[in-house]
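Report on one structure; see the data block that follows.
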């Protein structure tokens, strides 16, 4: 489990310029200490020592299929009307 927590921490740090709020949310969920939230700590294999990871909350909630299909269909219909 420690290896997974370390991998998620590294992925969150590397993706933080692109997924600003979601990367921070992932680090918050894992209670990553402030000193382990910057690029200089990427090589620190002990950054997560003593940190207890609790139950996870999905960062990206499951999409509702019917709503997404309707939205996409409206988008397609709107594009076709402009042509």
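Some observations on this one:
- On Cα atoms only, tilt of 65-82 relative to the major axis of the chain in degrees: 50
- Compared with the dominant Cα axis of the chain, that is its longest principal axis, helix 20-29 is turned about 50°.
- Where a label projected 7 Å from the Cα of residue 2 along Cα→Cβ would reach, residues of the stretch 12-46 with amide N under 12 Å: 45-46
- Helix 2-15 and the longest principal axis of the C-alpha atoms of the chain enclose an angle of approximately 60°.
- When peptides 63-70, 20-27, 42-49 are sorted by average Cβ neighbour count within 10 Å, with the highest value leading, the order is 20-27, 42-49, 63-70.
Bear in mind these aren't lab numbers, they're just calculated from the coordinates by the rules spelled out. Just so you know, these numbers come straight off a predicted model, no measurement behind them. So basically every Cβ, Gly included, is an ideal-geometry build from the backbone, and we count neighbours across all protein chains shown.
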